[in-house]
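Accompanying notes for the structure given below.
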Amino acid sequence: MKSIASAPAKVILFGEHFVVYGIKAILCSINKRVTITSSNTEEQVISVKSDLGEISIPSSIPIEEINSPLLPFIYIAKKMTEKFNYSGGINVTINSDIPSGVGLGSSSACCVAAAGSISGLFTKYSKEEILNLAIEAEKTIFKDTSGADCTVCTYGGIIEYDKKSGYKKINTRFDLHLVIANTKIPHSTRLVVTKVKEFKEHNEKHFSELCDEEIRLIEKVKSILNSGDMKSLGQAMILNQKYLDQIGVSNETLRSVIEDANKTSFGSKITGAGEGGCIIALVDKSNLEKTLRNLQSKNHECFSVQMDSKGLDTF
Ligand code: MEV
């Protein structure tokens with residue numbers, strides 16, 4: 001039997017890092033996807049194949065003995081085989097057009113698509129069950145995840161999310177277009193989150209003030225999204241970037257791409273963990289091409305994306 005699932009990449013429009021500390025964030029899924037195909041095999045082996053590498057292990061190996069970036073997928077496969085008392089093996093193949101390790105949610109989208117695809121070999125889970133399995137799997141390599149990325153990759157569209165209340169869809173008048181520029185500086189979300197934790201521990205008062213600012217900003221953004229005022233939304237991004245700069249997740253390269261992007265777009269900021277990865281610039285049809293040309297002329301790798309409204313899809 002074969003089971004296929006696909007999930008979109010994401011951007012964090014507002015609130016990355018602060019969301020780890022319970023503050024609300026606003027996220028959007030975008031039109032780049034990963035597709036995962038799983039099948040049962042008689043051999044008692046779990047195999048995972050992706051552009052990042054391959055692993056094949058006997059189904060009986062305890063999860064604690066596995067040290068691999070592909071661990072989340074092995075975790076899901078083992079969890080399902082154990083739950084459904086299945087004695088055979090599973091092959092998992094990952095095909096992705098999401099650049100990895102650059103803040104676009106590749107790892108979360110893979111966890112969501114893998115949870116959808118592998119569970120589909122055994123049962124028909126709801127989106128909520130698939131999301132919970134995906135977050136559990138992601139925690140095997142990044143235990144402090146806020147769960148925000150997996151949530152938007154599951155439900156799609158624009159959402160507000162906080163750890164306590166979960167997610168709520170946001171309906172907006174925007175036909176959201178973004179230009180994404182990739183600094184090509186690799187980063188580890190786990191390490192950047194740890195660095196922010198240290199910043200917080202050494203600067204409790206400053207961090208708490210920034211959390212309050214971020215809460216106010218997000219409330220304002222929710223009403224801007226409702227009114228459809230692009231210029232104000234762009235200004236809100238510029239302000240959010242100032243907060244991210246203050247918690248130490250920006251650097252010279254990111255600041256310079258953002259400065260370039262702000263010249264032709266409505267506003268721009270880091271998306272995701274920072275310290276490298278991508279920036280997003282808010283545009284519409286009037287300045288999309290101009291922003292692409294502007295960033296390309298400065299030798300930045302860039303492309304445009306639109307909102308995905310579907311989220312997880314299973315076949
Ligand atoms: C990473 O895309 C977003 C962070 O806020 C971490 C998280 O929410 O788990 C940096």
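Of the residues making up segment 82-89, not a single one is open to solvent by less than 10 Å² (accessible area, probe 1.4 Å) and within 16 Å of the ligand (Cβ to nearest atom). Assessment of segment 306-314 against the conditions (exposed (fewer than 15 other Cβ atoms within 10 Å of the Cβ), at pLDDT 95 or above, outside any strand (DSSP E or B) and outside the structural domain of Ile159 (by TED's automatic domain parsing)) yields no matching residue. Selection over segment 163-186 of residues that are open to solvent by 10 Å² or more (accessible area, probe 1.4 Å) and in a loop (DSSP other than H, G, I, E, B) gives a count of 13.
Given the conditions (1) in contact with a Gly (Cβ under 8 Å, 6 or more places away or on another chain); (2) more than 16 Å from the ligand (Cβ to nearest atom); (3) not basic (Lys, Arg), report the number of the one that Leu176 does not fulfil. Single failed check for Leu176: (1).
Inspection of segment 2-19 finds a residue satisfying the criterion of being out of contact with any His (no Cβ under 6 Å at 6 or more places or on another chain), in the same structural domain as Gly89 (by TED's automatic domain parsing), closer than 30 Å to Glu275 by Cα and in a helix (DSSP H, G or I).
Would you tally the residues in segment 58-106 being within 17 Å of Ser38 (Cβ to Cβ), in contact with a strand residue (DSSP E or B) (Cβ under 6 Å, 6 or more places away or on another chain) and hydrophobic (A, V, I, L, M, F, W, C)? Adding up the residues that qualify gives 7. Taking the stated definitions as given, is Glu160 part of a helix (DSSP H, G or I), among the acidic types (Asp, Glu) and either open to solvent by 50 Å² or more (accessible area, probe 1.4 Å) or more than 21 Å from Gly276 (Cα to Cα) (or both)? Considered against the rule, which asks whether it is part of a helix (DSSP H, G or I), among the acidic types (Asp, Glu) and either open to solvent by 50 Å² or more (accessible area, probe 1.4 Å) or more than 21 Å from Gly276 (Cα to Cα) (or both), Glu160 comes out as no. Of the residues screened, Val92 is not one that is at pLDDT below 95, open to solvent by less than 20 Å² (accessible area, probe 1.4 Å) and β-branched (Val, Ile, Thr). Among the residues of segment 17-46, those identified as buried (at least 20 other Cβ atoms within 10 Å of the Cβ) and either closer than 21 Å to Leu121 by Cα or more than 16 Å from the ligand (Cβ to nearest atom) (or both) are Arg33, Val34, Ile36, Ser38, Ile46.
Here's the yes/no breakdown for (1) among the β-branched types (Val, Ile, Thr); (2) modelled with pLDDT under 95; (3) open to solvent by less than 10 Å² (accessible area, probe 1.4 Å):
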site	(1), (2), (3)
Leu233	no, no, yes
Met237	no, no, yes
Asp245	no, no, no
Thr253	yes, no, no
Ser256	no, no, no
Glu259	no, no, no
Ser265	no, no, no
Ala273	no, no, yes
Arg293	no, no, no
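Rundown of residues vs (1) more than 27 Å from Ile63 (Cβ to Cβ); (2) within 14 Å of the ligand (Cβ to nearest atom); (3) in the same structural domain as Leu71 (by TED's automatic domain parsing), yes/no style:
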| site | (1), (2), (3) |
| --- | --- |
| Gly157 | yes, no, yes |
| Asp162 | yes, yes, yes |
| Arg190 | no, yes, no |
| Glu209 | yes, no, no |
| Leu233 | yes, no, no |
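Scanning segment 106-128 for residues that are within 16 Å of the ligand (Cβ to nearest atom) and either open to solvent by less than 10 Å² (accessible area, probe 1.4 Å) or aliphatic (A, V, I, L, M) (or both) gives Ser108, Ala109, Cys111, Val112. Take the conditions (1) touching a residue at least 24 places away in the same chain (Cβ under 8 Å); (2) open to solvent by 30 Å² or more (accessible area, probe 1.4 Å); (3) among the small types (Gly, Ala, Ser); Ser223 misses just one of them, which is (1). Scanning segment 72-81 for residues that are away from the ligand (no atom under 16 Å from the Cβ) and crowded, with 18+ Cβ neighbours inside 10 Å turns up Phe73, Ile74, Tyr75, Ile76, Ala77, Lys78, Met80, Thr81.
The values are calculated or read from the model by the stated rules, or taken from the named source; none is laboratory data. Computed from a predicted model, the values in this text were never measured in an experiment. Every residue, glycine as well, gets a Cβ built from its backbone with ideal geometry; the counts of neighbours run over all protein chains shown. Ligands, DNA and RNA are excluded from the accessible area calculation, which covers all protein heavy atoms including side chains. Shrake-Rupley method; radii C 1.70, N 1.55, O 1.52, S 1.80 Å.
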